[in-house]
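A short write-up of the structure that comes next.
The values are calculated or read from the model by the stated rules, or taken from the named source; none is laboratory data. Predicted model, so just to flag it, every value in this text is computed and none were measured. Here the Cβ is made from the backbone with ideal geometry for all residues, glycine too, and neighbour counts use every protein chain on show.
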Amino acid sequence: MITITGYVNPDIDCVACAIGYAELLNMQGKQARAVYAGDIGEETEFVKKYLGGLNIELVQNGYGDGEIILVDVSDPNGIDELIDINKVFEVIDHRKLAYIQGFPNAELHIDLVGSCATLIAERFQEVGILPSRDTAVLLYSAIVSNTVNFRNNVTTQRDRDMGEWLKEISMVESSYVASMFEYKSNINKENLNEIMREEFKFYEIQGERVGVVQLELSDAVRRVKELEGNIRRVLSEIKGENSLDYLLLSVVDIIDGFNYFLTIDHSSTGLFSSIFNLSDIDKGTKYEGILMRKEIFPKVVEYLER
């Protein structure tokens, strides 16, 4: 049995890739299963409700004795500590910042597109196999989410092509994307802590531990300001619990197409103010255009190396 998974607390891109690639391998006569660790995000919950379920299992008793494929992740720090690195035989990711030396026995496929789901969809096309309607919905949702409906800087023509192909197969309603974005924007005092922790990632860069919490919301500034006290408290907890040197909140406004940045400590304010040439980032400030987390981390690497 081949086990396909990604990072802990996977987003829709990671979940869609695991399910999609497992389906493709099974259609090709192999035995494969999709699993995840942690919690799935709001968008994945939306798609799960839309489809009536997802063909993916929560890890209960480890990863078994078979080989492991990782999707939408190429950093050993992001995966479940129960995974045996030596059993990972394939890594598929779309990030510029890839720790490929961390997987000694793996065949590595790092391709700079907007969504890892694009790479999985292309594999279906390459072998002439149509994904099931449910998988097409998942992969389409992931591409739309990761590219902010094909509007952010990391979007490529390959993402657009696969998005169009999957949309035809999925037959989703014209209101589907707007409904998904609105669903993921529903943050409040009750779910804020869980959502922020699910959307937190960190890298070790030049000996420094750098974290980013990325939220994607409609009417982003208003929503953040309404919950700012709670947001600052959770950010402080995340920074302490993970022994971070720097931490940034990056909120993408998925309707108007900009970022809203916020820091909570002096060192983080200094670093990210310099990287983005912004003032008042500790009070919350807008950054024109859309920057995703996968674009922010390479900028941190460039700055700290310089």
Could you check how many residues of the range 200-223 are over 16 Å from residue 263 (Cβ atoms), of a type outside the set (A, V, I, L, M, F, W, C) and either outside any helix (DSSP H, G or I) or touching a residue at least 40 places away in the same chain (Cβ under 8 Å) (or both)?
8
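Matching residues to (1) at negative phi; (2) modelled with pLDDT under 95:
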residue	(1), (2)
135	yes, no
142	yes, no
148	no, yes
156	yes, no
182	yes, yes
194	yes, yes
199	yes, yes
204	yes, yes
209	yes, no
Specify which of the listed residues (273, 279) is hydroxyl-bearing (Ser, Thr, Tyr), farther than 28 Å from residue 75 by Cα and without any contact (Cβ under 8 Å) to a residue 12 or more places away in the chain.
279
Return the residues of the range 46-65 that are out of contact with any strand residue (DSSP E or B) (no Cβ under 6 Å at 6 or more places or on another chain) and at pLDDT 95 or above; say none if nothing qualifies.
46, 47, 48, 49, 50, 51, 52, 53, 54, 55, 58
Answer yes if at least one residue in the range 54-61 is without any contact (Cβ under 8 Å) to a residue 60 or more places away in the chain and in contact with a Lys or Arg (Cβ under 7 Å, 6 or more places away or on another chain), and no otherwise.
yes
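In this structure, is residue 75 surrounded by 14 or more Cβ atoms within 10 Å (Cβ to Cβ) and charged (D, E, K, R)?
yes
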Going by what's in this entry, would residue 69 be described as at pLDDT below 95, assigned by TED's automatic domain parsing to the domain that holds residue 141 and aliphatic (A, V, I, L, M)?
no
Restricting the range 26-38 to residues that are over 16 Å from residue 134 (Cα atoms) and out of contact with any Pro (no Cβ under 6 Å at 6 or more places or on another chain), the one surrounded by the fewest Cβ atoms within 10 Å (Cβ to Cβ) turns out to be 29
Please tell me if residue 256 is closer than 30 Å to residue 139 by Cα, surrounded by fewer than 14 Cβ atoms within 10 Å (Cβ to Cβ) and not polar (S, T, N, Q).
yes
Out of the range 224-270, which residues are touching a residue at least 40 places away in the same chain (Cβ under 8 Å), more than 15 Å from residue 202 (Cβ to Cβ) and outside any helix (DSSP H, G or I)?
227, 252, 254, 255, 257, 260
Determine, yes or no, whether residue 185 is touching a residue at least 12 places away in the same chain (Cβ under 8 Å) and surrounded by 15 or more Cβ atoms within 10 Å (Cβ to Cβ).
yes
